[in-house]
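This report refers to the structure that appears directly beneath it.
Coordinate-derived values only; no laboratory data. Here the structure is a predicted model, which is why all the values come from computation and not from measurement. In this analysis, Cβ positions are derived from the backbone assuming ideal geometry, glycine residues included, and neighbour counts consider all displayed protein chains.
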């Protein structure tokens, strides 16, 4: 049976541990109470707590009004610059052709099948600018059209005949009536009003001399106001449909 002294010694550590626990709980309660009082104080500032995600601070985007205004003004300046450029090009549409326009015409005259991208590369401009300038050239009638050049031998029209025509009267009415009738003849590929011994010069393509003789008697001599014609048969075509030099 243990003595009273040993019993008192055994109970002392338990009493000390109980006091420590009580003191710890009391300190925790006081700190919690003081924290809550500090938060609920009318003079305190409640700051939001930022929670870290994956060990990094969250990204906070701050929008500065000065940057927004500067960005907006920059956009407005770009729009104004584009409008001024378009107005300048529109205003200069009736002016003379510049060096870029002439370069476009040279390349299209040599090869009318060039794509807009290839043409822009050759002229050294952007594709959009090239397309806009090409359309303006069509609108100005600088480019009358695009067509294929057919080899006459492939369609049996190898004979070329030049015909000088003299009218019985040199009046505007006679010229108008003759020109209207000539335009309706498919075998006449070119017609020129000239000065000199003849009033008009015609370029005709036929398959043979016999075919021309039939056309001459049946259609050329019956044109309005024709008094006299003179025929020149072409022996050799030195140049034909040559590109314009500019």
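Key figures
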| read-out | value |
| --- | --- |
| Relative packing of peptides 199-208, 237-246 - highest average C-beta neighbours within 10 Å first | 199-208, 237-246 |
| Pairwise centroid distance, computed over Cα atoms, of segment 147-161 with segment 192-246, Å | 15 Å |
| Extension gain (nm, one decimal) between residue 192 and residue 229, 0.36 nm per residue minus Cα-Cα | 11.9 nm |
| Label zone at residue 156, where the point sits 7 Å out along the Cα-to-Cβ direction: segment 190-227 residues whose backbone N lies under 17 Å | 205-215 |
| Nearest-0.05 FRET efficiency for residue 128 and residue 240, computed from C-beta distance (R0 30 Å) | 0.25 |
| Among 212-218, 189-195, the order from most to least packed when residues are scored by Cβ within 10 Å on average | 212-218, 189-195 |
| Computed label-point distance, nm, for sites residue 118 and residue 207 using a 7 Å Cα→Cβ extension | 3.5 nm |
